[in-house]
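Take a look at the structure below.
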Amino acid sequence: MKLIVTDLTRFKDNDNVCMALLDAESCTCHRPLPYVTKAIVQQKGIYPGMTVEATVIPNGKAARPHVEDCIFVNDLWLGMMDEILFKDLLERSAVDSVNEAFCGTISSKKRCVPLGSPPDSSIRTIRVDPLSLSLSVVGTVEQKLRLSFKDKSGEIFRHTPIADLNFHSSALKYVQQERVDEFNTALAGGEEVYIRLGLSRVYKGKNGKQGYWMQANGIYCFPGCFCAEM
């Protein structure tokens, strides 16, 4: 099976990386377990847009929303696809609204899916209004990076947690250099933007609310900002 890496998701408290890939033909999403580490990602040069051939073994115990869980065997890494083909893959997998992507369980005012009503999947591609994309920093002692955007239905989502490994790393450099405005100007220059939105594993927030929380797993602007290496 030919697959394309679309998500490299960071974890706040460890060096694990959650990888998700789309089938090049059907756009079916697969998430291999166990997680890889940052060291393996660097060693193999894994990057969004990279092609791999692998045998996918579904996880028979996978439950909604994380139906993408699987096992990879016989994986053969083949190199990067070009930007045009990667954009086409994202476009073929995309929908216009977060509401549609997660079966009405997520909205701008409700970012946590209750345990008892999970949607059919945990990772989807969303088409985004390019001019709506902006980075912000929350907190002073522990600075947290957040992303605001408007989907193609017009719904605005503010202060979305950024789980995209490469985007977060790039954005953090700009924050540390006090160049956030420059970063946002570069983001606004995209003609087409796609966000791979994901739902976390079960998590209890500081307010005690427990469920599956929305986060930005992959952020892609075209042309020229393939994987946020600005």
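The values are calculated or read from the model by the stated rules, or taken from the named source; none is laboratory data. Remember, it's a predicted structure, so these values are computed and weren't measured experimentally. Every residue, glycine as well, gets a Cβ built from its backbone with ideal geometry; the counts of neighbours run over all protein chains shown. These accessible areas exclude ligands, DNA and RNA; they are computed on the full protein's heavy atoms, side chains included. Shrake-Rupley method; radii C 1.70, N 1.55, O 1.52, S 1.80 Å.
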Q) With (1) open to solvent by 10 Å² or more (accessible area, probe 1.4 Å); (2) at pLDDT below 95 as the list, and TRP213 as the residue in question, which single condition is left unmet? A) (2)
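Table: residues versus (1) of a type in the set (Asp, Glu); (2) outside any helix (DSSP H, G or I); (3) open to solvent by 70 Å² or more (accessible area, probe 1.4 Å).
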| position | (1), (2), (3) |
| --- | --- |
| ILE4 | no, yes, no |
| LEU8 | no, yes, no |
| GLN43 | no, no, yes |
| GLY60 | no, yes, yes |
| HIS66 | no, yes, no |
| ASP75 | yes, yes, no |
| LEU78 | no, yes, yes |
| LEU85 | no, no, yes |
| THR105 | no, yes, no |
Q: Those residues that are open to solvent by 40 Å² or more (accessible area, probe 1.4 Å), closer than 19 Å to TYR212 by Cβ and touching a helix residue (DSSP H, G or I) at 6+ places or on another chain (Cβ under 9 Å), I need them from segment 119-141; list them, please.
A: ARG124
Q) If you go through segment 142-169, how many residues are part of a strand (DSSP E or B), open to solvent by less than 70 Å² (accessible area, probe 1.4 Å) and of a type in the set (A, V, I, L, M, F, W, C)? A) 5
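Out of all the residues in segment 107-126, which are part of a strand (DSSP E or B) and within 20 Å of LEU21 (Cβ to Cβ)?
Correct list: ILE123, ARG124, THR125, ILE126.
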Q. Does ARG92 meet the test of being of a type in the set (D, E, K, R), out of contact with any strand residue (DSSP E or B) (no Cβ under 6 Å at 6 or more places or on another chain) and either touching a residue at least 40 places away in the same chain (Cβ under 8 Å) or on the phi < 0 side of the Ramachandran plot (or both)?
A. yes
Q. Which residue pairs have Cβ atoms under 6 Å apart, sit 6 or more places apart or on different chains, and have a first residue in segment 65-89 that is under 18 Å from MET1 (Cβ atoms) and free of Cβ contacts under 8 Å to residues at least 60 places away in the same chain and a second that is open to solvent by less than 60 Å² (accessible area, probe 1.4 Å) and of a type in the set (Lys, Arg)?
A. GLU68/ARG31; ASP69/ARG31
Q: Tally the residues that are open to solvent by less than 50 Å² (accessible area, probe 1.4 Å) and part of a loop (DSSP other than H, G, I, E, B), restricting the search to segment 10-32.
A: 2
